[in-house]
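**Student:** After the structure tokens below, expect a handful of questions from me.
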Amino acid sequence: MASVTRVDLQPIVERHLAAWQSRDIAALLGFHAPDGVIESPMYGTRRGLTDIGESYRAFFKSFPDVTFSDEVTLIDPPSVAVFSEVVATHIDEFFGLPGTNRRLDMRIARLLRFDDSGRIAYERRIYDFTGVLLQVGVLRAKPAKP
């Protein structure tokens, strides 16, 4: 691909969401450039396929039943913005806290920038990480004073 177009990116984005839905780490890694970067409140900055794969494995281990509902996708080559709802159950260790069986429900925005080969060169994930920590019980909310 000389440069990616909207027509190129639409099916890639659809397959990418399907890989998230099926929690297929190998397929997800296939969407990233070998030297790709992900910035995430949960796992910090990840560089390269090995590091990115570790973050996928950790997330799916903590939340093995996670589902993603794509709400809106905006494509403006070479960038794509995906807005999704994420629902999961905290089953295994997450930031030092053993599984609580608590429900996680969050909205996430992901900015994906594709290289000329149609791979994700850069991904930035934006969500309320403090809200995530409160929902699973890593943090406790201070009760409001009457």
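**Student:** For residues that are over 18 Å from residue 43 (Cα atoms) and not in a strand (DSSP E or B), tally how many sit in region 100-138.
**Tutor:** 8
**Student:** A further question on this structure: Among the listed residues 19, 33, 26, which satisfies the condition of being without any contact (Cβ under 8 Å) to a residue 40 or more places away in the chain, among the hydrophobic types (A, V, I, L, M, F, W, C) and crowded, with 16+ Cβ neighbours inside 10 Å?
**Tutor:** Of 19, 33, 26, the one residue that is without any contact (Cβ under 8 Å) to a residue 40 or more places away in the chain, among the hydrophobic types (A, V, I, L, M, F, W, C) and crowded, with 16+ Cβ neighbours inside 10 Å is 19.
**Student:** Would you point out the residue of region 66-88, among those that are surrounded by fewer than 17 Cβ atoms within 10 Å (Cβ to Cβ) and touching an Asp or Glu at 6+ places or on another chain (Cβ under 7 Å), that is farthest from residue 8 (Cα to Cα)?
**Tutor:** First, pick out the residues of region 66-88 that are surrounded by fewer than 17 Cβ atoms within 10 Å (Cβ to Cβ): 67, 69-72, 74, 76-77, 79, 81, 83, 85, 87.
Adding the requirement that they be touching an Asp or Glu at 6+ places or on another chain (Cβ under 7 Å) leaves 69, 71, 83, 85, 87.
On the way: 69: 22, 71: 20, 83: 19, 85: 25, 87: 29 Å.
Step by step, filter region 66-88, then rank; the result is 87.
**Student:** Continuing with this model, one more query. Every residue in region 129-138 that is surrounded by fewer than 18 Cβ atoms within 10 Å (Cβ to Cβ) and either of a type in the set (Val, Ile, Thr) or at pLDDT 95 or above (or both), please.
**Tutor:** Result: 130, 138.
**Student:** With 109, 121, 141 as the choices, which residue is surrounded by fewer than 16 Cβ atoms within 10 Å (Cβ to Cβ), at pLDDT 95 or above and small (Gly, Ala, Ser)?
**Tutor:** Values: 121 fails: surrounded by fewer than 16 Cβ atoms within 10 Å (Cβ to Cβ); 141 fails: at pLDDT 95 or above.
From the options 109, 121, 141, the qualifying one is 109.
**Student:** Among the residues of region 43-77, what is the count of those that are among the aliphatic types (A, V, I, L, M) and touching a helix residue (DSSP H, G or I) at 6+ places or on another chain (Cβ under 6 Å)?
**Tutor:** Of the residues in region 43-77, 2 are among the aliphatic types (A, V, I, L, M) and touching a helix residue (DSSP H, G or I) at 6+ places or on another chain (Cβ under 6 Å).
**Student:** Hey, another quick one. Among the residues of region 43-65, write down those that are of a type outside the set (A, V, I, L, M) and in contact with an Asp or Glu (Cβ under 9 Å, 6 or more places away or on another chain). Steps first, answer last, please.
**Tutor:** From region 43-65, those of a type outside the set (A, V, I, L, M) are 43-48, 50-51, 53-57, 59-65; that's our starting set.
43, 45, 46, 47, 48, 61, 62, 63, 64 - these are the residues of region 43-65 that are of a type outside the set (A, V, I, L, M) and in contact with an Asp or Glu (Cβ under 9 Å, 6 or more places away or on another chain).
**Student:** Take the residues of region 89-99 that are at negative phi and either touching a residue at least 60 places away in the same chain (Cβ under 8 Å) or not in a strand (DSSP E or B) (or both): which is surrounded by the most Cβ atoms within 10 Å (Cβ to Cβ)?
**Tutor:** Start the filter on region 89-99 by keeping residues that are at negative phi, which leaves 89-94, 97-99.
Next, from what is left, pick out any that are either touching a residue at least 60 places away in the same chain (Cβ under 8 Å) or not in a strand (DSSP E or B) (or both): 90-93, 98-99.
Values: 90: 23, 91: 17, 92: 13, 93: 12, 98: 10, 99: 16.
It comes out as 90.
The values are calculated or read from the model by the stated rules, or taken from the named source; none is laboratory data. Source: prediction; values computed, not measured. We place every Cβ from the backbone using ideal geometry, glycine too, and count neighbours over all the protein chains shown.
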